[in-house]
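To keep things clear, I will list the structure first and then write my remarks on it.
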Amino acid sequence: MAIHEKTLIDPDRILQHDHLVVDGVDVSGSWNTMITPRTLTDYEEHFEEIIQSYSGGENVHRCWQCGSCTNSCTMYAQNVDFNPRYWIYLIRLGLKAELMKDKDIIWQCVSCNKCTNICPKDVRPEGVMKATAHWLEDNGLTPKTLSTHFDEEFTHQCIEFGRIEDTEVMVGFFKRSGQPLVQAWIVEFGKRLTKRLPLGQLAKMGMNVVFRPKTKSWGKTGEVLAEYVKAQKEAAHHG
Amino acid sequence: MSAQDTVLVVGAGPAGLSAAATIASMGKKAVIVEKEDVLGGAPIISGYAKLVPSGEWAKDAIGRMVSRVEGDGNVSIHKSTKVTQVAGEAGNFTATLSNGDKLDAGAIVLGTGFTHFDSINKPEWGFGTYEDVLTTTQMEQMVGTGQIRCPSDGRVPERVAILLCVGSRDRQIGREWCSKICCTVSTNLAMEIKEISPSTDVFIYYMDIRTFGLYEDKFYWKSQEEYKTKFVKARIAEVTKSPDGRLLVKGEDTLVKRPIVIPMDLVVHAIGMDPNALNPEIAKTFGIGLEKHGFIDRAEQYTNSQGTTRKGIYVCGSATGPETIDDSIAQGQAAGSRAVADLYGQQKVAS
Ligand SMILES: Cc1cc2nc3c(=O)[nH]c(=O)nc-3n(C[C@H](O)[C@H](O)[C@H](O)COP(=O)(O)OP(=O)(O)OC[C@H]3O[C@@H](n4cnc5c(N)ncnc54)[C@H](O)[C@@H]3O)c2cc1C
Ligand code: SF4
Ligand code: SF4
Ligand code: SF4
């Protein structure tokens, strides 16, 4: 049967070969259009456990699908596709492909915790949102968020130098998140600094950027710290 | 009256009344101690309408249970009285009453019941804020008057919303049990409302429908198929008021995956059954234990089903957890028989 209204079907469910000849008959293009079935054919049983291994996701198994979280949700009020109750259902059953359809909005949770306050089963939906966003990030399924970029730069400097240098953190953060290094507000900020700060202080700041002092006898400490952080992360996800 | 002839029955709801009648029918004396000045327990004190599943008016059905013990020479009754102290042991207790009397009894049966959940503890659902938000007990009383009206202005409601599980199944307020009867009571109320007021539509907001056993077709299906009750799978988040004075129920319709803000004229809370608020006091007076939710704890589950944690003291009905009237009555009979058996000394009391 011809498909009259393709717009009603998810684009990724439409299969069509531009050039196809079957038994000598040319059925290229629309003539061979097929739609993949919508039937769910299996569950990924361990998906729930994976989300539970992330901080915040521990109680996801408690959900009974009452919808209180979604209803109280700040983001749901902006966009009805932002539906923690529904995502929790998908996580519990391991319907990962369905969850992937919303992967680009899950991170939008603003951590207001209205859901956590209303949930009758103490699921902590806000934590589940965070855990899911982290899982998506870890698996390269979503671009890293700005705050993750910032955290990474900050941690990197701590481990490398035993201290942070504000300007370096900002520069590193901008680089990691693909933002231009020169931004209007920074230019303005710089101008005002030079106007008000005493010369000595300015010179000191400049030196710090150029010479990047390390904390005294930091040496191996950074390596040990990096090892520890790595071990902790692994323990959290496989413990 | 000697201790060996007498069983003390505390509480005169369906459970206690049933225990007392059983004891008397076996030729022993039952002494009822009831803290209120009426007998019959929650169905009478709170003025329930027609009962599940018999369809009989509570005042008739439970009234019969009351007159049965009132007319029995083996039963004596102390109203507006409590037990303040229990001395002695199984086979030979001495109870002190709040009126100063002392009473010897060979065994004790507790039928001290439950306390209705107080909806004030869920302020987001509007009880105490809006006049047209009621509890199922208030709605039962309204059905009893034969008229369905909005308390605020007396109009006939176009729509009634019944919210299930109010004060049950909720970790936020430390109530992790299902109150068992409120689903069926709510479907029953929906039918009673429709019968009295055919122009009123009833909506039930649910997470699960637990009309167990034979209640399924008699209540759930019947209210849906014959009385056109609408069932919506949503836990209401908030009840507010719209500018035109009607109530608004807000939530997520989980099956449609859409937010709902629906105007209603009356909102009814299907309130749950809490442990009797006096249970800490009762536990102390009678020297018995409570289980983790605060209901009265039982002894060995299979060989001493109505036993409490203290030898010679038995318990029946909703004192042990949410129960129906029918089960409370059956437990009353069981506890009464077991207590009489103790009097005869024919059966060893399981500890
Ligand atoms: C809105 C609503 C509607 C219901 N409708 C139905 C229905 O239609 N059908 C059904 O099967 N069930 C129904 N139930 C459940 C029903 O109320 C209980 O099953 C029943 O009341 C239990 O009986 P009981 O004797 O165990 O306790 P109760 O009815 O609570 O009686 C306990 C008695 O003990 C007394 N007492 C308490 N403490 C003391 C003390 N320390 N000293 C002396 N006396 C004391 C109380 O005053 C009371 O008289 C309904 C419940 C609710 C909330
Ligand atoms: S914490 Fe996130 S999921 Fe929860 S209500 Fe706020 S925005 Fe919604
Ligand atoms: S409020 Fe809690 S129990 Fe209800 S759907 Fe949300 S997470 Fe699940
Ligand atoms: S009987 Fe129904 S309304 Fe009552 S607590 Fe259980 S599920 Fe909720």
Seminar exercise, completed: Taking the square root of 5λ for each eigenvalue of the C-alpha gyration tensor of the range A:62-190, the equivalent ellipsoid has semi-axes, largest first and in whole angstrom, of 34, 16, 14
Exercise. Given H placed on each backbone N at 1.01 Å, which residues far from B:Ile77 in sequence or on other chains put an amide H within less than 5 Å of it?
Worked result: B:Ile32
For this session: State which stretch of chain A is the longest one without any exposed trypsin sites (Lys or Arg not before Pro), exposure meaning a DSSP loop state and at most 10 other Cβ atoms within 10 Å.
Result: A:39-215
For this session: Could you go through the range B:92-98 in sequence order and give the Karplus-derived ³J(HN,Hα) for each residue, using 6.51 cos²θ - 1.76 cosθ + 1.60 with θ = phi - 60°, rounded to whole Hz, and x for Gly and Pro?
Result: 7, 8, 10, 9, 9, 9, 5
Exercise. Which log10 I(q)/I(0) values, to two decimals, does the protein assembly as shown give at q = 0.05, 0.07, 0.10, 0.11 Å⁻¹ under the Debye formula with one point per Cα?
Worked result: -0.38, -0.66, -0.98, -1.08
Exercise. Once the Cα atoms of the range A:131-172 are picked out, what are the Rg and Dmax in Å?
Worked result: 12.1, 32
Seminar exercise, completed: Karplus ³J(HN,Hα) for the range A:53-59 (6.51 cos²θ - 1.76 cosθ + 1.60, θ = phi - 60°; Hz, whole; x = Gly/Pro) runs 6, 8, 4, x, x, 4, 9
For this session: Could you tell me which of rounded, prolate or oblate describes the range A:47-138, using a ≥ b ≥ c as the square roots of the eigenvalues of the alpha-carbon gyration tensor, with rounded for a/c under 1.5 and, failing that, prolate when a/b is larger than b/c and oblate otherwise?
Result: rounded
Exercise. So, in Å, what gap is there between the alpha-carbon centers of the range A:196-239 and the range A:28-51?
Worked result: 47
For this session: Order B:Leu51, A:Leu193, most accessible first, counting only protein heavy atoms with a 1.4 angstrom probe.
Result: A:Leu193, B:Leu51
Exercise. In Å², what does the accessible area per residue of the protein assembly as shown work out to with a 1.4 Å probe?
Worked result: 51
Exercise. Once amide H atoms are built 1.01 Å from N in the peptide plane, which residues 5 or more positions from B:Val166, or in another chain, come under 5 Å H to H?
Worked result: B:Ala270, B:Gly272
For this session: Could you calculate, for the range B:69-204, the ratio of the Cα radius of gyration to the Kirkwood radius, expressed as Rg to Rh?
Result: 1.13
Exercise. Picking from A:Asp138, A:Asp26, A:Asp166, which is most flexible by a Gaussian network model of chain A using Cα springs under 10 Å?
Worked result: A:Asp26
For this session: Using a Gaussian network model of chain B whose springs link C-alpha atoms within less than 10 Å, name the residue from B:Ala87, B:Ala161, B:Ala105 with the highest mean-square fluctuation.
Result: B:Ala87
Seminar exercise, completed: the range B:230-278, Kirkwood Rh and Cα Rg, ratio Rg/Rh at 1.10
Problem set entry | Cα-only radius of gyration and Dmax that characterise the range B:119-273, units Å | 14.4, 43
Exercise. Once phi is turned into ³J(HN,Hα) by the Karplus curve 6.51 cos²θ - 1.76 cosθ + 1.60 with θ = phi - 60°, what whole-Hz value does each residue of the range A:204-210 show in order, with x for glycine and proline?
Worked result: 4, 4, x, 4, 4, 5, 6
Exercise. How much solvent-accessible surface does A:Tyr89 expose, in Å² to the nearest 10, with a 1.4 Å probe and all protein chains in place?
Worked result: 100
Exercise. Which percent of Cα pairs goes in each bin when the distances of chain B are cut into 20 angstrom slices starting at zero?
Worked result: 30, 50, 19, 1
Seminar exercise, completed: Partner lysines whose C-alpha sits under 21 Å from that of B:Lys257, ignoring same-chain residues fewer than 8 away, are A:Lys96, A:Lys101, A:Lys103, A:Lys114, A:Lys121, B:Lys230, B:Lys233
Exercise. Leaving out ligands, DNA and RNA but keeping every protein chain, what accessible area does B:Val239 have, in Å² rounded to the nearest 10, with a 1.4 Å probe?
Worked result: 10
Exercise. Can you pull the mean other chain C-beta count within 10 Å for peptide B:203-213?
Worked result: 1
Problem set entry | Two-site label geometry, B:Ser25 and A:Met34: point separation in nm, points 7 Å out along Cα→Cβ | 7.2
Problem set entry | Mean Cα-pair separation over length for the range B:121-269, i.e. relative contact order, pairs under 8 Å, 6 or more apart, % | 29
Exercise. How big is the accessible area of B:Leu103 in square angstrom, nearest 10, if you roll a 1.4 angstrom probe over the protein chains?
Worked result: 20
Exercise. Taking the alpha-carbon centroid of each part, what is the distance from the range B:283-351 to the range B:198-273 in angstrom?
Worked result: 37
Exercise. Across the residues of A:64-77, average count of Cβ atoms on other protein chains within 10 Å?
Worked result: 6
Problem set entry | B:Phe93, A:Phe189, ranked by accessible area, largest first (probe 1.4 Å) | A:Phe189, B:Phe93
For this session: Give me the aspartates and glutamates in straight-line cross-link reach of A:Lys144: C-alpha distance below 19 Å, same-chain residues under 8 apart excluded.
Result: A:Asp102, A:Asp104, A:Glu126, A:Glu152, A:Glu153
For this session: Could you run the numbers on buried accessible area between A and B, total for both chains, 1.4 angstrom probe, in Å² to the nearest 100?
Result: 1600
Exercise. Which residue, A:Trp31, A:Trp64, A:Trp107, tops the fluctuation ranking in a GNM of chain A built on C-alpha contacts under 10 Å?
Worked result: A:Trp31
Seminar exercise, completed: Mean 1/r over distinct Cα pairs of the range A:146-238, inverted to a Kirkwood Rh in Å, yields 15.3
Exercise. Within the range B:44-125, which trypsin sites (Lys or Arg not before Pro) sit in a loop by DSSP and count at most 15 neighbouring Cβ atoms inside 10 Å?
Worked result: B:Lys79
For this session: Enumerate the amide H contacts of B:Glu238 below 5 Å, restricted to partners 5 or more residues apart or on another chain; note that Pro and chain-start residues carry no placed amide H.
Result: B:Lys250
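Could you please put A:Arg212, B:Arg149, B:Arg175 in sequence from largest to smallest accessible area, using a 1.4 Å probe?
Greatest to least solvent exposure: B:Arg149, A:Arg212, B:Arg175.
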Exercise. How many angstrom separate the Cα center of the range A:55-105 from the Cα center of the range A:120-159?
Worked result: 16
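The values are calculated or read from the model by the stated rules, or taken from the named source; none is laboratory data. All of these numbers come straight from a predicted model, not from anything done at the bench. Counting neighbours? That spans all protein chains shown, and the Cβs are built from the backbone with ideal geometry, glycine included. Ligands, DNA and RNA are excluded from the accessible area calculation, which covers all protein heavy atoms including side chains. Shrake-Rupley method; radii C 1.70, N 1.55, O 1.52, S 1.80 Å.
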